[in-house]
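**Q** Starting off with a structure, shown below.
The values are calculated or read from the model by the stated rules, or taken from the named source; none is laboratory data. Treat the numbers as computed from the prediction; the structure is a model and nothing was measured. Cβ atoms come from the backbone with ideal geometry, glycine included; neighbour counts cover every protein chain shown.
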Amino acid sequence: MSCSESFETGAESANSNSVTSERRCKHGMRAVLYISWSRSNPGRRFFRCPVWKDDDCGFFSWYDDVIPPRQKEIISHLVETKKLLESKVELMQKKESAMEDVIKHLEAQVMKHKMFQSSHQLEQRANQAFVSFHLRQLKFFFAL
Ligand SMILES: [Zn+2]
């Protein structure tokens with residue numbers, strides 16, 4: 001296994017609480033535990049220089065043993081499945097937010113329609129009041 005291969009691919013820092021190490025890098029600093037997510041070493045932990053991003057001394061040491069081929073295959077499959085599911089979730093979230101926009105638009109339309117209706121009803125009531133007022137006047141007039 002070459003070291004560079006896991007340097008190139010995604011690696012994340014491992015929860016080092018469970019691993020106590022006195023391993024020191026070439027700077028003399030305590031090495032940090034990471035997890036490799038490369039295809040050839042999925043999930044395999046390794047130590048690395050703590051300042052490798054800025055001033056890498058090149059210290060690298062595997063913490064876990066070589067992963068058996070079958071386990072490697074299964075882990076890789078699970079990692080791929082996770083990525084696929086994450087992209088599906090992302091797509092569904094986009095769809096959901098698009099649906100929310102549509103709902104907001106429709107609610108605004110309904111509100112507009114209701115306002116139009118109620119102003120129309122007010123107008124009708126005003127007309128009815130006007131008509132009944134004049135009817136009363138006519139009745140009054142003819143009653144005389
Ligand atoms: Zn170092």
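**Q** With surrounded by fewer than 15 Cβ atoms within 10 Å (Cβ to Cβ), within 26 Å of the chain's Cα centre (by Cα) and free of Cβ contacts under 8 Å to residues at least 12 places away in the same chain as the only criterion, which of VAL89, VAL110 stands out?
**A** One residue alone meets the criteria, VAL89.
**Q** Taking the condition of being away from the ligand (no atom under 16 Å from the Cβ) and assigned to a helix (DSSP H, G or I), how many residues in the range 53-68 meet it?
**A** So the count comes out to 0.
**Q** Can you name every residue in the range 61-99 that is over 16 Å from ILE35 (Cα atoms) and acidic (Asp, Glu)?
**A** Those that are over 16 Å from ILE35 (Cα atoms) and acidic (Asp, Glu): GLU73, GLU80, GLU86, GLU90, GLU96.
**Q** Could I ask something else about it? If you scan the range 31-52, which residues turn out to be surrounded by 15 or more Cβ atoms within 10 Å (Cβ to Cβ) and within 10 Å of the ligand (Cβ to nearest atom)?
**A** Across the range 31-52, the qualifying residues are ALA31, VAL32, ARG48, CYS49, PRO50, TRP52.
**Q** Just for the range 2-28: of the residues that are surrounded by 14 or more Cβ atoms within 10 Å (Cβ to Cβ) and among the aliphatic types (A, V, I, L, M), which one is modelled with the highest pLDDT?
**A** ALA14
Residues are listed down the side, and each one gets a yes or a no for (1) of a type in the set (Lys, Arg); (2) touching a Lys or Arg at 6+ places or on another chain (Cβ under 8 Å); (3) outside any helix (DSSP H, G or I):
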| position | (1), (2), (3) |
| --- | --- |
| ARG70 | yes, no, no |
| SER76 | no, yes, no |
| LEU85 | no, no, no |
| LYS88 | yes, no, no |
| GLU96 | no, no, no |
